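The values are calculated or read from the model by the stated rules, or taken from the named source; none is laboratory data. Please read all numbers here as calculations on a predicted model, not as lab measurements. Heads up, the Cβs are rebuilt from the backbone with ideal geometry, glycines too, and the neighbour counts pull from every protein chain shown.
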């Protein structure tokens, strides 16, 4: 389940110094995905599982230096062990804040985690517009679940962000405007620049990222057209 651990991160949990746990496996096959080792079964098998109790102990030892934990992947919600792990983490370290990174494909799991107060912040990746979603995720009929997740967060009090990696061929300005209409009552929408260093589909390593000016221009348009906060992340 847990394949990697980073003791301290300044960038993964907004405003919170956190440890980062990487969960292996994913139910999407996004061609632009950079975490190839955590997604492809033939590469994932080379990574040993970390003992969950030992991971919690490592977090406990860092409790003077960190305030939170970021759970990312892969896709953490595909693991039935996620909830028991978070229950134990919160029981042993009740002051720790937990951020979950998810592709939004399991709204019922997310609902339970929120309802049980096992997570404090959710970041949902919205891959593209409806018409491109199957291509963007390498799966069929995934958009409906993601749409349900969006609505769940819009109606909840938990802190969250929606974010889109702006990938040429998969996301353009028209797609972003369609996504913006879906999340227009949200507080925060993040536009991330695509990186082509390593991608699940090797052909995307030859895709040049959009210039930062193009993403910034879209962000400025969104800021003037919607009430939510628009954040840009460049690499």
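Being more than 15 Å from residue 179 (Cβ to Cβ) and either touching a strand residue (DSSP E or B) at 6+ places or on another chain (Cβ under 6 Å) or part of a helix (DSSP H, G or I) (or both) is the filter here; which residues of region 109-131 pass it?
Applying the first criterion (more than 15 Å from residue 179 (Cβ to Cβ)) to region 109-131 yields 109-122.
Once the filter is applied, which keeps residues that are more than 15 Å from residue 179 (Cβ to Cβ) and either touching a strand residue (DSSP E or B) at 6+ places or on another chain (Cβ under 6 Å) or part of a helix (DSSP H, G or I) (or both), region 109-131 yields 109, 110, 111, 112, 113, 114, 115, 119, 120, 121, 122.
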Identify the residue in region 221-235 that is closer than 12 Å to residue 176 by Cβ and more than 19 Å from the chain's Cα centre (by Cα) and, among all such residues, is surrounded by the most Cβ atoms within 10 Å (Cβ to Cβ). 222
State all residues of region 22-48 that are in a loop (DSSP other than H, G, I, E, B), under 14 Å from the mean Cα position of the chain (by Cα) and either over 25 Å from residue 168 (Cβ atoms) or free of Cβ contacts under 8 Å to residues at least 12 places away in the same chain (or both); if no residue qualifies, say none. 24, 25
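Kindly establish whether residue 69 is in contact with a strand residue (DSSP E or B) (Cβ under 8 Å, 6 or more places away or on another chain), over 30 Å from residue 231 (Cα atoms) and at pLDDT 95 or above. Quick ask: steps written out before the conclusion?
Details: in contact with a strand residue (DSSP E or B) (Cβ under 8 Å, 6 or more places away or on another chain): yes; over 30 Å from residue 231 (Cα atoms): no; at pLDDT 95 or above: yes.
Answer is no for this residue.
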Going by the conditions given, is residue 134 free of Cβ contacts under 8 Å to residues at least 12 places away in the same chain and not in a loop (DSSP other than H, G, I, E, B)? yes
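Take residue 223 and tell me if it is at pLDDT below 95, assigned to a helix (DSSP H, G or I) and either closer than 18 Å to residue 103 by Cα or out of contact with any helix residue (DSSP H, G or I) (no Cβ under 8 Å at 6 or more places or on another chain) (or both). Outline the logic, then answer.
On the way: at pLDDT below 95: yes; assigned to a helix (DSSP H, G or I): yes; either closer than 18 Å to residue 103 by Cα or out of contact with any helix residue (DSSP H, G or I) (no Cβ under 8 Å at 6 or more places or on another chain) (or both): yes.
Yes.
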Of the numbered conditions (1) surrounded by fewer than 20 Cβ atoms within 10 Å (Cβ to Cβ); (2) more than 23 Å from residue 161 (Cα to Cα), residue 15 satisfies every one except a single condition; which is it? (2)
Anything in region 60-89 that is over 21 Å from the mean Cα position of the chain (by Cα) and assigned to a helix (DSSP H, G or I)? List them, or say none. 60, 61, 88
Among what's in region 184-220 and is at pLDDT below 95 and farther than 21 Å from residue 31 by Cβ, pick the residue that is surrounded by the most Cβ atoms within 10 Å (Cβ to Cβ). 186
Of (1) at negative phi; (2) crowded, with 21+ Cβ neighbours inside 10 Å; (3) within 16 Å of the chain's Cα centre (by Cα), residue 104 fails just (1)
Across region 90-103, what is the total count of residues that are out of contact with any strand residue (DSSP E or B) (no Cβ under 7 Å at 6 or more places or on another chain), outside any helix (DSSP H, G or I) and under 15 Å from residue 57 (Cβ atoms)? 1
Take the conditions farther than 25 Å from residue 232 by Cα, under 17 Å from the mean Cα position of the chain (by Cα) and surrounded by fewer than 23 Cβ atoms within 10 Å (Cβ to Cβ) and apply them to residue 109. Does it pass? yes
